[in-house]
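**Q** Have a look at this one before I ask anything.
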Amino acid sequence: MDNDNSTEMEDMEGSALSGESGSLSKEKSVAFDDPYGDMLLSIYKGYSLDESASLKTIVILAPIGLIAAFYMFVSSSTSSIISFSAWVLSIVFLLISLWILCEILKKDTGPRNMQDIAEVIREGSEGFFITQYGTIFKYAFITAIGLFIMYATRDIPA
């Protein structure tokens with residue numbers, strides 16, 4: 001009897017957390033298909049990056065060697081070294097972010113109740129970002145137009 005009572009209590013908690021009745025939350029729950037995430041994970045598993053310490057070492061040491069080779073063979077000017085280093089480091093950090101993304105994507109999605117709550121959070125955050133970046137875009141566009149008009153109407157010294 002205690003076991004039935006605890007199961008009933010867990011169902012009530014799960015439906016209370018999702019904000020819906022138990023039957024509706026089971027019907028509404030939809031697994032998300034992510035073809036880009038699946039493709040990225042297949043590449044990640046194909047190179048077995050999760051187990052390869054030597055490849056991680058190469059990713060860390062290769063930029064240093066690349067910058068040194070650029071300095072020795074291409075250009076030794078400070079501005080060229082700084083701009084090339086910034087470019088190489090941005091590529092490295094993009095690779096590191098993809099590696100972290102793959103580590104996150106291969107984790108378990110969790111129990112059904114947690115997925116229901118995550119869906120509500122995802123919907124709210126997407127709405128927030130659409131509003132936030134929409135507003136930023138509008139102000140940036142107006143500012144860009146204003147800067148262009150100021151630049152186009154400036155007095156050119158003779």
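**Q** Can you tell me which residue within region 97-117, out of those that are closer than 18 Å to S42 by Cβ and of a type in the set (K, R), is surrounded by the fewest Cβ atoms within 10 Å (Cβ to Cβ)?
**A** Filtering first and then ranking leaves K107.
**Q** Check region 109-124 and report whether any residue there is under 30 Å from I64 (Cβ atoms) and free of Cβ contacts under 8 Å to residues at least 40 places away in the same chain. Explain how you work it out, then say what you get.
**A** So the first thing to find is which residues in region 109-124 are under 30 Å from I64 (Cβ atoms), and the list is none.
Looking for residues that are under 30 Å from I64 (Cβ atoms) and free of Cβ contacts under 8 Å to residues at least 40 places away in the same chain, one finds none in region 109-124, hence no.
**Q** Right, another one. Any chance region 128-139 includes a residue that's within 26 Å of D38 (Cβ to Cβ) and in the same structural domain as Y36 (by TED's automatic domain parsing)? Quick ask: steps written out before the conclusion?
**A** Within region 128-139, the subset within 26 Å of D38 (Cβ to Cβ) is 129-130.
Those left that are additionally in the same structural domain as Y36 (by TED's automatic domain parsing): none.
Looking for residues that are within 26 Å of D38 (Cβ to Cβ) and in the same structural domain as Y36 (by TED's automatic domain parsing), one finds none in region 128-139, hence no.
**Q** Let me ask something additional. Could you run through region 109-126 and say how many residues are at pLDDT 80 or above and either of a type in the set (S, T, Y) or not in a helix (DSSP H, G or I) (or both)? Walk me through how you get there before you give the answer.
**A** In the first step, residues of region 109-126 are kept if they are at pLDDT 80 or above; the result is 110-126.
Those left that are additionally either of a type in the set (S, T, Y) or not in a helix (DSSP H, G or I) (or both): 110-111, 125.
Result for region 109-126: 3.
**Q** Being surrounded by 12 or more Cβ atoms within 10 Å (Cβ to Cβ), over 22 Å from F93 (Cβ atoms) and of a type in the set (A, V, I, L, M) is the filter here; which residues of region 63-81 pass it?
**A** Across region 63-81, there are no qualifying residues.
**Q** Another question, then. Could you identify the single residue in D116, D155 that is among the charged types (D, E, K, R) and under 24 Å from G37 (Cα atoms)?
**A** D116
**Q** Just the residues that are under 30 Å from P111 (Cβ atoms), modelled with pLDDT under 75 and among the hydroxyl-bearing types (S, T, Y), please, taken from region 21-74.
**A** S21, S23, S25, S29, Y36, Y44, S48
The values are calculated or read from the model by the stated rules, or taken from the named source; none is laboratory data. What you are looking at is a predicted structure, and each value in this text was computed from that prediction instead of being measured. Glycine also receives a Cβ, built like all others from the backbone with ideal geometry; neighbour counts cover every protein chain displayed.
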